[in-house]
Amino acid sequence: MPSKLAISYRNVTRSFGTLTAVDDVSLDIAEGGFLAIVGGSGSGKTTLLRLANRLIEADRGTITVEGADVQSIDPVALRRRIGYVFQSGGLFPHLSVADNIGITPKLLGTPATEIAARVDELIELVQLDRTAHRDRLPEALSGGQRQRVGVARALAAKPRIVLMDEPFGALDPLTRDALGEDFRELHRKLGLTTVMITHDMTEAILLADRIAVMRGGKLLAQGTPAELSASSDAYVQDLLRTPRRQVERLNALLPQSGAA
Ligand SMILES: Nc1ncnc2c1ncn2[C@@H]1O[C@H](COP(=O)(O)OP(=O)(O)OP(=O)(O)O)[C@@H](O)[C@H]1O
């Protein structure tokens, strides 16, 4: 039986003036899937992502979320069902970590004691320190910690789908790697469907099950890392060159683990 779709784009187009940011894209994301959207600056990645929760509206085509046309769902209700993690964390600077995480439950009218318990649970889930971080302002956190708060906030209303716009892009490589791994584990543990934008093909290969490649608003290719690797498209092969080179360099420089 084919798996159910969390998000489905059918012939979706969105223009800004004369520029077609997303051009006739059809793409399915299965429930429980982890899709990375890869592509150069201005290729339409953010526009594609934001069409799913109606932060941007399509000019043409159809988008369904869990089987329902997004046009039939109130945008605010839709955004509560879909967590969103911004590149820079997107935290409210004047609110504490706890208040940032609890903002959606608060808007939903959840009782204060329930919010407090949920916030504590989420702080643990994203591996922050409850005593040290709960009452801090975002400015008193590292970039990695801020992104952990951003993830906790996105999960506060228990969404089944999470959209992430370059969530780890501004972080140093070690923090980025740790956060990526931790999020991948959360994705698995919570049974989420995740769509993540990244500039970094290596990150996409390491974290995602499937990769969609955008170029000039078009969906150029999609598939598992192995399927993309077999693609004859020159741009796709170009994108794969960096991870391939990294593997070769690392294999040449590091002693093979487990070698006799
Ligand atoms: N609100 C807007 N008004 C006008 N043009 C826009 C708007 N939003 C996006 N665009 C244009 O649409 C194109 C696609 O933008 P988009 O942000 O989707 O690309 P992207 O692949 O996410 O880029 P980046 O990696 O730099 O964030 C770009 O040329 C951008 O300038």
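Some points to look at:
- Consider region 221-239 and keep the residues that are buried (at least 19 other Cβ atoms within 10 Å of the Cβ) and farther than 20 Å from THR194 by Cα. The one that is nearest to the ligand (Cβ to nearest atom) is LEU239.
- Complete set of residues in region 196-220 that are β-branched (Val, Ile, Thr) and within 16 Å of the ligand (Cβ to nearest atom): ILE197, THR198, ILE211, VAL213
- Taking region 210-249 as the range and being in a helix (DSSP H, G or I), touching a helix residue (DSSP H, G or I) at 6+ places or on another chain (Cβ under 7 Å) and either over 29 Å from GLY32 (Cβ atoms) or hydrophobic (A, V, I, L, M, F, W, C) (or both) as the test, the residues that pass are LEU228, VAL236, LEU239, LEU240.
- Counted residues, region 48-81 - those being among the hydroxyl-bearing types (Ser, Thr, Tyr) and touching a strand residue (DSSP E or B) at 6+ places or on another chain (Cβ under 6 Å): 2
- Strands (runs of 3 or more DSSP E) contained in region 1-110 and holding at least 3 residues within 11 Å of the ligand (Cβ to nearest atom) and closer than 21 Å to GLN222 by Cα: 19-30, 34-39
- ARG148 crowded, with 20+ Cβ neighbours inside 10 Å, among the charged types (D, E, K, R), over 25 Å from GLU166 (Cα atoms) and at pLDDT below 95: no
- Residues in region 140-165 that are among the hydrophobic types (A, V, I, L, M, F, W, C), without any contact (Cβ under 8 Å) to a residue 60 or more places away in the chain and assigned to a helix (DSSP H, G or I): ALA140, ALA152.
- Scoring PHE168 on the criteria (1) under 22 Å from LEU78 (Cα atoms); (2) within 16 Å of the ligand (Cβ to nearest atom) leaves a single failure, condition (1).
- Just one of the listed residues (VAL76, VAL70) is modelled with pLDDT of 95 or more and hydrophobic (A, V, I, L, M, F, W, C), and it is VAL70.
- When region 33-42 is filtered for residues that are surrounded by fewer than 22 Cβ atoms within 10 Å (Cβ to Cβ) and either out of contact with any Ser or Thr (no Cβ under 6 Å at 6 or more places or on another chain) or among the basic types (Lys, Arg) (or both), the ones remaining, listed by number, are GLY40, SER41, GLY42.
- Whichever residue in region 51-72 is free of Cβ contacts under 8 Å to residues at least 60 places away in the same chain and buried (at least 18 other Cβ atoms within 10 Å of the Cβ) and, among such residues, is farthest from LEU190 (Cα to Cα): ALA58
- Complete set of residues in region 183-199 that are modelled with pLDDT of 90 or more and of a type outside the set (A, V, I, L, M, F, W, C): ARG184, GLU185, HIS187, ARG188, LYS189, GLY191, THR193, THR194, THR198
- Of note, ALA156 does not satisfy the criterion of being within 14 Å of the chain's Cα centre (by Cα) and closer than 25 Å to ARG80 by Cβ.
The values are calculated or read from the model by the stated rules, or taken from the named source; none is laboratory data. Since the structure is predicted, the reported quantities are computational estimates derived from the model, not experimental observations. Every residue, glycine as well, gets a Cβ built from its backbone with ideal geometry; the counts of neighbours run over all protein chains shown.
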